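The values are calculated or read from the model by the stated rules, or taken from the named source; none is laboratory data. Please read all numbers here as calculations on a predicted model, not as lab measurements. Glycine also receives a Cβ, built like all others from the backbone with ideal geometry; neighbour counts cover every protein chain displayed. Ligands, DNA and RNA are excluded from the accessible area calculation, which covers all protein heavy atoms including side chains. Shrake-Rupley method; radii C 1.70, N 1.55, O 1.52, S 1.80 Å.
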Amino acid sequence: MDLDEKRVPVVFKALCDENRVRILKYLLSGEKCACRLLEDLSIAQSTLSHHMKILTDSGLVSGRKDGKWMHYSISPEGVDAAIDYLSILKDSD
């Protein structure tokens, strides 16, 4: 893996907002329905949609549709990619 100039900023953009970090922390306990995220995080639907798009585009979160609701979970592959990007920087000396 190398430092892809297009991909790396997308991943780390997802981590540079406190609301998205709150969402990630909430997802640590497992998959959550968007309806549950809306209730528990007390944010508007449009705000949640915005943050979830950034998180899913980054690959850190995956979503699956079940009826009219989306269910979100942390993507181990996406987290591994972020760790790999940082490892490349760490091991560059």
Cα-Cα P(r), the chain, percent of pairs per 10 Å interval: 16, 49, 25, 9, 1
Burial ranking of peptide ranges 56-64, 43-51 (average Cβ count within 10 Å, highest at the top): 56-64, 43-51
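State the percentage of accessible surface on the chain attributable to carbon and sulfur atoms; use a 1.4 Å probe and exclude ligands, DNA and RNA. Each step should come with its number before you reach the end.
Values: 3220 of 5950 Å².
In the chain, the share of accessible area belonging to carbon and sulfur is 54 percent.
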Lysine pair count for the chain [Cα-Cα under 25 Å; pairs on different chains or 8 or more apart]: 16
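Hydropathy at least 0.0 by Kyte-Doolittle, axial extent at least 18 angstrom from the Cα trace: which helices of the chain, defined as entire DSSP H runs, fit? Present the calculation step by step, with values, prior to reporting the outcome.
Details: long enough: 45-58 (20 Å, -0.51); 76-90 (21 Å, 0.39).
Once both thresholds are applied, what remains is 76-90.
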